[in-house]
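Okay, structure first, notes after.
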């Protein structure tokens, strides 16, 4: 009887180890490095000279806060909400946001970690693909 229980337990462990793609470890604080927005043949770039922002993740919540420059004006930027992450497929549901029309929306993204850099790219379609002619991307590093 102990052998059957052991074999069943071993089988469950083996099945769980093959169940889906492993998600990157995004938990903790990340510092904004740069962003890129693509619209058709136009590319808009920004960096830490234009932005100052941190983004943080816990088990199921995210928050970001900082500022960005628009001309000579410095504008606050903040938001928070919940998220899900399955492999590199990420979605965040916004609970609070400086832009009130985004409150309550869900944004689907791709999250990648390359070394000490986290890259989030959005929007993605139902299959999790990015339209190369229209997307936004932000890069963060661990502080």
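Extension gain residue 112-residue 142, at 0.36 nm per residue separation less the Cα-Cα distance, in nm?
9.4 nm
Enter the angle in degrees (range 0 to 90, nearest 10) between the Cα long axis of helix 2-17 and the first principal axis of the Cα atoms of the chain, meaning the one along which they spread out most.
Orientation of helix 2-17: about 20 degrees from the principal axis.
How large is the convex hull of the C-alpha atoms of the chain per residue, in Å³?
147
Once fully extended, how much extra length lies between residue 82 and residue 22, figured as 0.36 nm per residue of separation less the alpha-carbon to alpha-carbon distance?
Gain on extension, residue 82 to residue 22, equals 19.6 nm.
Report, in deg cm²/dmol and to the nearest 500, the calculated mean residue ellipticity at 222 nm for the chain, where each DSSP H run with n ≥ 4 adds -39500 (n - 2.57) and the sum is divided by the residue count.
Only helices count here, giving -3500 deg cm²/dmol.
Take 42, 69 and order them by how many other Cβ atoms sit within 10 Å, fewest up front.
Ordered from fewest to most neighbouring Cβ atoms within 10 Å, 42, 69 come out as 42, 69.
What distance in nm separates the two pseudo spin-label positions at residue 93 and residue 49, each 7 Å out from Cα along the beta-carbon direction?
Modelled inter-label distance: 4.1 nm.
Compute the distance in nm between two label points, each set 7 Å from the Cα along the Cα-to-Cβ direction, one at residue 100 and one at residue 65.
Each label point is offset 7 Å from its Cα along the Cβ direction, giving 2.1 nm.
Which of 140, 83 has the fewest other C-beta atoms within 10 Å, and how do the rest follow up to the most?
Ascending Cβ contact count within 10 Å gives the list 83, 140.
By how many nm would the segment from residue 31 to residue 127 lengthen if fully extended, with 0.36 nm per residue of separation less the alpha-carbon distance?
31.7 nm
Could you put 138, 39 in order, starting from the residue whose Cβ has the fewest other Cβ atoms within 10 Å?
Least to most surrounded, the residues fall as 39, 138.
Values quoted throughout were computed directly from the atomic coordinates according to the rules given, and no laboratory measurement underlies them. Bear in mind that the values here come from a model prediction, so they are computed numbers and not experimental data. All Cβ positions, glycine included, derive from the backbone under ideal geometry; neighbour counts span all protein chains shown.
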